[in-house]
Structures are given as structure tokens and as C-alpha cells.
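Read through the structure below, which is laid out as C-alpha cells, and then see the notes.
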Amino acid sequence: QRQYVAFENAVYDRVKDEWVDKAPHIRSSHTTGWSWYGTGLSNTEEQMAERAAMTGDERVLYQVSLFIPGLAFLYDITGTWERCIYLCKHLARATFAMELQEILWTRGCGANAKDSLANLMQSLLGQYFANLPCEALTSTREMDTPSQTMLGLRGKRFVAVREIARDVRTKSQIYKTISDPKGSLKARGLYGKDVEFQSHVLLYLAS
């Protein structure tokens, strides 16, 4: 479900903005893989981080990046605070599966942290993260045909397609369908029945 993010010891409800106990009605087979015990920040640091998020003040953002290494990393790969905040918003959107059709493309000749960004999201999201082979976007298969590959996207939040080759042509109708929060995907497990589900993912394409 889009409403929840499950941890080992609790579940965060993004609609109510509160923590809730795990219960049967929370239908999630995924978990981040780690337990939540707070942000690890002091009250002063919490307030500073909140002010930076609300105002976008670059001086405050820099101060916050000194005690939040992840923010410093994102600034390092984007180069400006404006682009860093833009990226943060979309990574957060992926984490909480908010309904917005968006695809993140990143291009570069190498050694520019494309994989590192995907690895960061994998460490944060655990089972909500998935890698998708490039071939899934280049095949001529009809999207209405159930696919075992697509079954791996069920319930995921962030899907990385790494190292798309230079001369490969991706099929726009495939990656647009995968990233459409109002569309549906069809999948079939080995010897299983057809399954239809909505996509919850932010698609991350590195080339």
C-alpha cells in the first residue's frame, strides 16, 4: 500500500504522519530491513533540518549537510543546492509512493555516482528497492501480456535500470507504463496465475 513504509519494529503512516504498530490490515510483504529508533539528531539539529527544508536557505542547508552525510553526498553529485533539493523531493516521493508520473534520467561517461545514488536508495528502502534489467525496456513484448519480470516490481518504490548501452533503443510505451501510478501492470509467477497491480515506482534510468 502507498500509505505505509514498514520497518522491522514499526510502520510509518505517511497520511496520518505518525508511527503505528504492525497489524494484519497493513498489507505489505516488504520492509526497509532496519529498525527505526529516531533520526539520531539532537533537537537543535532537527529544527535546523526542518528550517532548511522549509526555506531552502543555502547557508542553513550547508550547516545541515555537516551532520547529515546523505545530504552532503547528494549535493556533491548534483553541484547546486537547487538541484539537490529537487532530487531530494523526488527520492522522498519514491519512498512514500506518491502519485506522480516522473522518471529520473541520469547520464554520464562514468564515475559520476550513478550507481552510488541507486545504492543509497537500496540501503534506505531494502525490499522496496528493485533492479530492472535493461532488456525489460527494449523488448517488443506487449504490455498487456503477463510477464514474470514485471512481477518483481509489485510493491516496489524505487526501480533502477543501470548502464543502458549507448546504441540501445528503449520502448517509451514500456517505461511510461511502468512509471504511471494510475496504470496497471500484468505479471505471472512461475506456474502461477496472472496478477494485475498498480505501479508504485519511481523509475531511475542510468546511461
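Using label points projected 7 Å from each Cα along Cα→Cβ, tell me how many nm separate Arg59 and Gln101, to one decimal.
4.3 nm
What angle do you read, to the nearest 10 degrees and between 0 and 90, between the alpha-carbon axis of helix 69-78 and the longest principal axis of the chain?
Relative to the chain, helix 69-78 is tipped by roughly 60 degrees.
Name the most mobile residue of Asp115, Asp13, Asp21, meaning the one with the largest mean-square fluctuation, in a Gaussian network model of the chain with Cα contacts below 10 Å.
Sorting by GNM fluctuation, first place goes to Asp21.
What residue among Cys88, Cys109, Cys134 has the largest mean-square fluctuation in a Gaussian network model of the chain, using Cα springs under 10 Å?
Cys109
How big is the gap, in Å, between the Cα center of the stretch 193-207 and the Cα center of the stretch 96-143?
One Cα centre to the other: 10 Å.
Summing -39500 (n - 2.57) over the DSSP H runs of n ≥ 4 in the chain and dividing by its residue number, what mean residue ellipticity at 222 nm do you reach, to the nearest 500 deg cm²/dmol?
Computed ellipticity for the chain at 222 nm equals -10000 deg cm²/dmol.
Report the extension gain between His25 and Lys186 in nm, rounded to one decimal, defined as 0.36 nm multiplied by the number of residues separating them, less their alpha carbon distance.
Taking His25 through Lys186 to full extension adds about 55.5 nm, to one decimal.
Carbon and sulfur: what percent of the stretch 1-105's accessible surface (1.4 Å probe)?
Carbon and sulfur atoms account for 53 percent of the accessible area of the stretch 1-105.
Pick out which of Glu135, Glu18, Glu102 has the largest mean-square fluctuation in a Gaussian network model of the chain, springs linking Cα atoms closer than 10 Å.
Comparing Glu135, Glu18, Glu102 in the GNM, the peak value goes to Glu18.
Please work out whether the chain counts as rounded, prolate or oblate from its C-alpha gyration tensor, where a ≥ b ≥ c are the square roots of the eigenvalues and a/c under 1.5 means rounded, while otherwise a/b larger than b/c means prolate and anything else oblate?
Taking the square roots of the gyration eigenvalues as a ≥ b ≥ c, the chain is oblate.
Any idea how far apart Ala72 and Ala165 come out in nm if each label point goes 7 Å out from Cα toward Cβ?
4.0 nm
Can you work out the FRET efficiency for the pair Thr80 and Thr177, with r the C-beta to C-beta distance and R0 = 30 Å, to the nearest 0.05? Don't skip to the answer; put the middle values down first.
Working: r = 32 Å, r/R0 = 1.08.
That pair, Thr80 with Thr177, gives E of 0.40.
With a probe of 1.4 Å, find how much accessible area the chain has per residue, and write the answer as a whole number in Å².
Details: 12220 Å² over 207 residues.
In whole numbers, the chain has 59 Å² accessible per residue.
Please list, or write none, the lysines whose alpha carbon is within less than 30 Å of the alpha carbon of Lys114, excluding same-chain residues fewer than 8 places away.
Qualifying lysines at Cα under 30 Å: Lys89, Lys156, Lys171, Lys176, Lys182, Lys186.
For the stretch 119-206, what class follows from the C-alpha gyration tensor (a ≥ b ≥ c being the square roots of its eigenvalues): rounded when a/c is under 1.5, otherwise prolate if a/b is larger than b/c, else oblate?
Oblate shape, in that a/c is at least 1.5 and b/c is the bigger or equal ratio.
From the square roots a ≥ b ≥ c of the eigenvalues of the alpha-carbon gyration tensor of the stretch 31-86, which class results: rounded (a/c under 1.5), prolate (a/b over b/c), or oblate?
oblate
Note the angle between two axes, namely the Cα long axis of helix 81-95 and the longest principal axis of the Cα atoms of the chain, as a number of degrees from 0 to 90, rounded to the nearest 10.
50 degrees
Can you compute the charge dipole magnitude of the stretch 77-207 about its Cα centre, using +1 on each Lys and Arg Cβ and -1 on each Asp and Glu Cβ, nothing else charged? Give it in debye, rounded to the nearest 20.
40 debye
Rounding to the nearest 10 and keeping the result within 0 to 90°, find how far the Cα-based axis of helix 43-55 lies from the longest principal axis of the chain.
The angle comes out near 60 degrees.
The values are calculated or read from the model by the stated rules, or taken from the named source; none is laboratory data. Keep in mind the model is a prediction, meaning the values are calculated, not measured. Reconstructed Cβ throughout: ideal geometry from the backbone, glycine too, with neighbour counts over all protein chains shown. What goes into the accessible areas is simple: the full protein's heavy atoms, side chains included, and nothing from ligands, DNA or RNA. Shrake-Rupley method; radii C 1.70, N 1.55, O 1.52, S 1.80 Å.
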